[in-house]
Structure formats: structure tokens, C-alpha cells
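The values are calculated or read from the model by the stated rules, or taken from the named source; none is laboratory data. These numbers come from a predicted model, not from an experiment. We place every Cβ from the backbone using ideal geometry, glycine too, and count neighbours over all the protein chains shown. These area figures cover heavy atoms from the full protein model, side chains too; ligands, DNA and RNA do not enter into them. Shrake-Rupley method; radii C 1.70, N 1.55, O 1.52, S 1.80 Å.
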Amino acid sequence: MFRYLPPADSEFAPLVDNITNLVTDISVFFTTAIVGAMIYFAVKYRRRGDTDHETPHIEGSLFLEVLWTVIPTIICVLVALYGYYGYEKMRSVPDGALEINVVGEKWVWNFSYDNGKETQGEFTVPVDTPVKLILTSKDVLHSFFVPGMRTKMDAIPGSYTYQWFKPIRTGPQQVYCTEYCGDNHSRMLAKMNVVSKAEYERWVNTKESTGDTPSEKGRYLYSNKLPCKSCHSLDGSRRVGPSFLNLYGRDGELADGSAYKADENYIKESILYPGKKVVKGYPDGVMPAYEGQISDEQIGDLIAFIKTLDGSAVAVEDLAEEASAVELTAEEKLFEEFKGKLPVVAQCAACHNVTGAPGGVGPSWKGLYGREGAFADGTKYVADDAYIKESIWEPQKHIVEGYPGAMPAYAGQIDEAQVDQIIEFLKKIK
Ligand code: CUA
């Protein structure tokens, strides 16, 4: 009785259906029993004639009270456990799921695939394959509902959410927006085509739109457009900030001791507001906030790029760096030697070069000792021992003109004797 659900076309749809049907059946049973008893008693004990009947005096019944407390409690607990079991399955995406980015906007759904393929209002997925949809919105709240898959999730502007399913039959599926989002909300539909794996491969590899894939665009942002690479390596080596290698999905600890998982929302937040979650062992206040300087699309591209850094391919940039590192200048050789003696200066090398090349995060060390210059506030300085010591211990006190003032303070991490060693080194690379 009361079976109105659409065909169950995803792997966990029967789970959803079973619990929905179970709750419906229990509700129908108790509604019938309670209302039926009410009607039965109302008829049976209705007023007859003009005489009042004296009703018997009935005390409470412990047996009945226990019965109607214990039975509903057991039913509720079983329903909750069964529901949680299904919920757990629906929130745990299996490894290797096909990821598709879905962006809602008034009043259309946009889909983009890892290889750069983009579609609107209609998309295609392979059968018998776990599919993860990563949802966000350009404007207002929308909600992505695929009844045949039994999945529904809000698409939220400025944030990422997900849903996953494994279609078990080929054929079309209707998608609805189920969050009232404006006057054309009811027309915000999409079609999902479930096809065989071979057909999916053919479909996804015919590109209507030419152009770079999101991860290629992200790689370009990383290496050319934004200064990410000065602080984040691709090969796992430590620079000013954590390496991007295997970053996506990583579990780690923050400076305040709490745990983090590097998912889409974490990466986005770390780009826009890096001070909110500082990874343990890394300095706070070094990375500038990119809020207002980078678009949602660019953030999506960077995330797509970071996802590719799972160690399966050697990063091109770092190969190039290794190749150029073969021929070291005299200063660089001295620097390598010095790093061997005082390992902490390896951190300095992330931002300060010894070749005099322009473009570093901080001023080059070549010719630094004794240099005369100006601070950002216009006052003059001479790079003597006192200046260098202050620049290491309290770098924010005086910022050299033209530099971002990004250096963390090393007071407490580099002692006086080590500062003297650095000064001796600087004197050698004049
Ligand atoms: Cu989008 Cu309703």
C-alpha cells in the first residue's frame, strides 16, 4: 500500500525506499488503529435516551503505560539507526568516483568535467560508476535533486557541497531545482543521461568547446599569474607554506590543535582568508588574503589543479627548477654549503635568492650587506649588522620599499650566534 516512489535507479535507492515505506506503513497502521478506536468508542458509548450512565472508575495501568512507551521507543530507535546507516552510505564517496562540477545560476545548471568539457542543462554519466557532483552556486541558493537517484543537495553561493550516486540503469533522469530561487525556479530543470561506459567515453571526449581544462588553467595561475609558487612547492618540499603535493583530501592539524581536512571548502577558505586556518608548524600572517582578488572560477581552476597533484606525475615546474639547478653560480654554491652548516637558512631561500635576480618575495641577498636603500615609509637605511639582526628578528618593523612585508619573525627561532653566521655569509656574497 502507498507505494508512489519513482523507479529506484541508483545503488542505494532501495535503502531510501525501504525506510520511507517503513515509516509510511507504521504511520498508516497507527493512524488507522488510533482513529479507528476513537470512532468505535464514540459510536459504542454514544448517549442513548435521556438517562446518564455512570462510568466506571478506572485507575492507571502500569502494564499499558510501559507497553505504549517501550514499543514506540523501540520503533523510533530502529528507524533512526536504519536512517543513519543509509545516511552514512550517501555521505561517504567511494574512491575513484567520477567528479563533475555543477554550478547553479538563475535559472540553469552548468556542468563541467575534468577534461574541460562543459555543458548546460543536460549532462551525461556512465552507468555502474560512482559519480560525485560538486555543487556550488553563482547567485542564490539552489538545490540539485535527482529523484531517480534519491539524492538532493543544496547548491550554496561561496561554498561547496556534494552528492554522489551510482546509477544502475541506463536512460534519462530528470533533475529538478528544489529550492525556491526566483520566478523561473520551476523551470530550472536539467536532464541527466545515464549511458554505457563506452558511450560515456565517446561523449566526454568530443569537445564542443576548445580551450584549456580547469586544471591547466589552474596550473597557469599557479606558475605564472599568481605568486603561489614562491611559498608552495609541488614536490612535497617545505617552503614558507605547505606543499601542494597530495594536498587535496589531506588530514592534518592546525596551529590551534584542531583537525582539518583539505576539501574544496578548506582550500577556498585558505585562499580567500589564509589566517582563518593556519596549519601547525607554519607561520601565521605570511600569506596575503586573496579575497576580492580572485574569482570563484579561478579558485575552481586552482582546486582542479591541486587535485591533479596526487604524486602520479612529476610536476613540470620542479623539473625545470632541477634542470636549471645543475649549473650553480659561485654564490649559489656558497649558499648550498652554508645551508649544510645552518639548515634553518633553507627557509630563507624560499624568498631570498643569492644571484641578484629580481622578482623574489624578499630582497636578494647578493650585495645586501652594506647596501643603502629606502623603506616603504621613505626613510633611508644602511644594511649593517644591526639592520640585518632586526630584519631577521622583527621583519615587520621596517619594510624595504617595493616588497610585500611577508616575512615571519624569527625571534626565538634564530639565536644571536646564528644571526652572526648569516651576517658572515652575507659579507661573502657582496
Ligand atoms: Cu534554482 Cu530553484
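Scan the range 192-201 and tell me whether some residue there is open to solvent by less than 20 Å² (accessible area, probe 1.4 Å), away from the ligand (no atom under 11 Å from the Cβ) and in a loop (DSSP other than H, G, I, E, B).
no
Among the residues of the range 254-295, count how many are open to solvent by 80 Å² or more (accessible area, probe 1.4 Å), out of contact with any Leu (no Cβ under 7 Å at 6 or more places or on another chain) and modelled with pLDDT of 85 or more.
Selection size over the range 254-295: 5.
Six or more apart or on different chains, Cβ under 6 Å: which pairs go from a residue in the range 374-395 that's over 24 Å from P283 (Cβ atoms) to one that's open to solvent by less than 70 Å² (accessible area, probe 1.4 Å)? Could you list them?
Close Cβ pairs satisfying both conditions: K380/A374; D385/I423.
Take the residues of the range 120-134 that are touching a residue at least 40 places away in the same chain (Cβ under 8 Å) and out of contact with any helix residue (DSSP H, G or I) (no Cβ under 8 Å at 6 or more places or on another chain): which is nearest to K166 (Cα to Cα)? Reasoning before the result, please.
Here is the first cut: in the range 120-134, the residues touching a residue at least 40 places away in the same chain (Cβ under 8 Å) are 121-129, 134.
When the remaining residues are screened for being out of contact with any helix residue (DSSP H, G or I) (no Cβ under 8 Å at 6 or more places or on another chain), the result is 121-123.
Working: G121: 20, E122: 18, F123: 15 Å.
Going through the qualifying residues, I end up with F123.
Checking the structure you have, find out if any residue of the range 362-374 is among the aliphatic types (A, V, I, L, M) and not in a loop (DSSP other than H, G, I, E, B).
Within the range 362-374, the first condition is being among the aliphatic types (A, V, I, L, M), and the residues that meet it are 368, 374.
Next, from what is left, pick out any that are not in a loop (DSSP other than H, G, I, E, B): 374.
Yes - at least one qualifying residue is present in the range 362-374.
Just need a number here: residues in the range 317-338 that are open to solvent by 50 Å² or more (accessible area, probe 1.4 Å), modelled with pLDDT of 75 or more and either touching a Cys at 6+ places or on another chain (Cβ under 8 Å) or part of a helix (DSSP H, G or I) (or both).
So the count comes out to 6.
Kindly provide the set of residues from the range 100-118 that are more than 16 Å from the ligand (Cβ to nearest atom) and in contact (Cβ under 8 Å) with a residue 40 or more places away in the chain, ordered by number.
We begin by selecting, within the range 100-118, every residue more than 16 Å from the ligand (Cβ to nearest atom); these are 100-101, 112-118.
Those that are more than 16 Å from the ligand (Cβ to nearest atom) and in contact (Cβ under 8 Å) with a residue 40 or more places away in the chain: N101, S112, Y113, D114, N115, G116, K117, E118.
Pick from K397, K380: which is modelled with pLDDT of 80 or more, within 28 Å of C228 (Cβ to Cβ) and exposed (fewer than 15 other Cβ atoms within 10 Å of the Cβ)?
Step by step, each of K397, K380 is checked, and only K397 is modelled with pLDDT of 80 or more, within 28 Å of C228 (Cβ to Cβ) and exposed (fewer than 15 other Cβ atoms within 10 Å of the Cβ).
Can you tell me which residue within the range 162-183, out of those that are more than 26 Å from P14 (Cβ to Cβ) and near the ligand (Cβ under 8 Å from one of its atoms), is surrounded by the most Cβ atoms within 10 Å (Cβ to Cβ)? Show your work before the answer.
We begin by selecting, within the range 162-183, every residue more than 26 Å from P14 (Cβ to Cβ); these are 179-183.
Among the residues that remain, those that are also near the ligand (Cβ under 8 Å from one of its atoms) are: 179-182.
Working: E179: 19, Y180: 12, C181: 21, G182: 12.
Here the residue is C181.
Output the residues belonging to the range 137-161 that are more than 10 Å from the ligand (Cβ to nearest atom), hydroxyl-bearing (S, T, Y) and surrounded by 17 or more Cβ atoms within 10 Å (Cβ to Cβ).
Correct list: T151, Y160, T161.
So, of the residues in the range 9-53 that are within 37 Å of the chain's Cα centre (by Cα) and among the acidic types (D, E), which turns out to be surrounded by the most Cβ atoms within 10 Å (Cβ to Cβ)?
Within the range 9-53, the match that is surrounded by the most Cβ atoms within 10 Å (Cβ to Cβ) is D9.
So which residues in the range 79-131 are of a type in the set (S, T, Y) and either part of a strand (DSSP E or B) or open to solvent by 30 Å² or more (accessible area, probe 1.4 Å) (or both), if there are any at all? So that I can check it myself, show each step before the final result.
Of the residues in the range 79-131, the ones of a type in the set (S, T, Y) are 82, 84-85, 87, 92, 112-113, 119, 124, 129.
Residues satisfying the conditions are Y82, Y84, Y85, Y87, S92, S112, Y113, T119, T124.
Which count do you get for residues in the range 240-253 that are surrounded by fewer than 18 Cβ atoms within 10 Å (Cβ to Cβ) and touching a helix residue (DSSP H, G or I) at 6+ places or on another chain (Cβ under 7 Å)?
0
Does D235 satisfy being surrounded by 15 or more Cβ atoms within 10 Å (Cβ to Cβ), farther than 20 Å from Q298 by Cα and touching a residue at least 60 places away in the same chain (Cβ under 8 Å)?
Yes.
Does the range 125-134 include one or more residues that are among the hydrophobic types (A, V, I, L, M, F, W, C), modelled with pLDDT of 95 or more and within 16 Å of the ligand (Cβ to nearest atom)?
yes
Working only within the range 307-316, note down all residues that are surrounded by 12 or more Cβ atoms within 10 Å (Cβ to Cβ) and either farther than 13 Å from G218 by Cβ or modelled with pLDDT of 90 or more (or both). Lay out the reasoning, then the answer.
Taking the range 307-316 and keeping what is surrounded by 12 or more Cβ atoms within 10 Å (Cβ to Cβ), we get 307-310, 315.
Matches in the range 307-316: D310 only.
Condition first: in contact with a Pro (Cβ under 9 Å, 6 or more places away or on another chain) and open to solvent by 50 Å² or more (accessible area, probe 1.4 Å). Can you find one or more residues in the range 207-226 that meet it? Steps first, please.
Filtering the range 207-226 for residues in contact with a Pro (Cβ under 9 Å, 6 or more places away or on another chain) gives none.
The answer is no; no qualifying residue exists.
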